[in-house]
1. If you bin every alpha carbon distance in the chain into 5 Å steps from zero, what whole percent lands in each bin?
2. What does the highest-first list of 77-84, 30-37 look like by mean Cβ count within 10 Å?
3. Starting with the highest mean, order 247-258, 200-211, 48-59 by the number of other Cβ atoms within 10 Å, averaged over the residues of each peptide.
4. Relative to the longest principal axis of the chain, what angle (0 to 90°, nearest 10) does the C-alpha long axis of helix 99-112 take?
5. If packing is taken as the mean number of other Cβ atoms within 10 Å per residue, what is the order of 151-159, 238-246, 166-174, highest first?
6. Below 8 Å between Cα atoms, with a sequence gap of 6+, how large is the relative contact order for the stretch 195-297 in percent?
7. Taking 2.2 N^0.38 Å as the expected size of a compact globular protein, what ratio does the Cα radius of gyration of the stretch 29-78 give against it, to two decimals?
8. As I understand it, the value is the acute angle between the Cα axis of helix 81-94 and the longest principal axis of the Cα atoms of the chain; what does it come to in degrees, rounded to 10?
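Computed from the coordinates by the stated procedures, all read-outs in this text should not be read as laboratory data. Everything numeric in this text was worked out from a predicted model, so none of it was measured. Note that we place each Cβ from the backbone using ideal geometry, even for glycine, and neighbour counts take in every protein chain shown.
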């Protein structure tokens, strides 16, 4: 009687059928796996969960675009790039103004080796992200946009670097470091680009030092700083950086070639020639690559 009176006064929800409860539980579980926020699910499970969600006719457009984008990321990790492109394109047909979809598509094209298409997508993403940043008040939301913007600049910088267009890559890497100063990959991108260009080498060294402070076992940053050291005539430091990088990546022939150059500059001719010969036996194009940097044995 008391329950009946309460229901008359405030209303009582009808008990959900068991099938509906189970469906709701499956829906929530699929979203947890599809979003993979904790990065604790396999990519195959993410694809399956997102696909299960996408098979429903009850999804609104926003949810459908999110599920497509999350599945695209999983396909990228699996190197199924063409399927990832299809998912990003499908999501963009739903909402062409989602800047993070353009950034994801740009990253996919870059991973496929299509730098020019990547740059085009990053251009769209960065234009929208800059507009969003200008419209967002200070606080966590603005910080999130700023971080996304930094990663967008970093991605476009990598795409320009793929084309050996370091002059265009440079402002992107600088913008990336300003937006995300605690990301070692971005600091290394700036260091390497300046080292290859042979410009503002103190700025390059500071960027490499930052990358190595954040990740001491970062072979790529040791390689970048070693090139800076060669440029500045600090040959013993260059040799130490190349040697440390080789201990981390013993099969990297470019590191062995660089260490050989440093040894020659130090007057250790036999040691240097042995490193260079071994590197060129495995990677004959290294001599032309380093000559392009203006560095020859």
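1. The calculated distribution, bin by bin, is 1, 5, 9, 11, 13, 13, 11, 9, 8, 6, 4, 3, 2, 2, 1, 1, 1, 1, 0, 0.
2. 30-37, 77-84
3. Working: 247-258: 18.3, 200-211: 20.0, 48-59: 15.7.
Highest mean packing first, the order is 200-211, 247-258, 48-59.
4. 50
5. Numbers: 151-159: 25.7, 238-246: 23.2, 166-174: 19.9.
For the peptides 151-159, 238-246, 166-174, the packing ranking is 151-159, 238-246, 166-174.
6. Numbers: 126 pairs, mean separation 20.3, N = 103.
Taking the mean separation of contacting Cα pairs over the length of the stretch 195-297, I get 20 percent.
7. 1.01
8. The answer is roughly 50 degrees.
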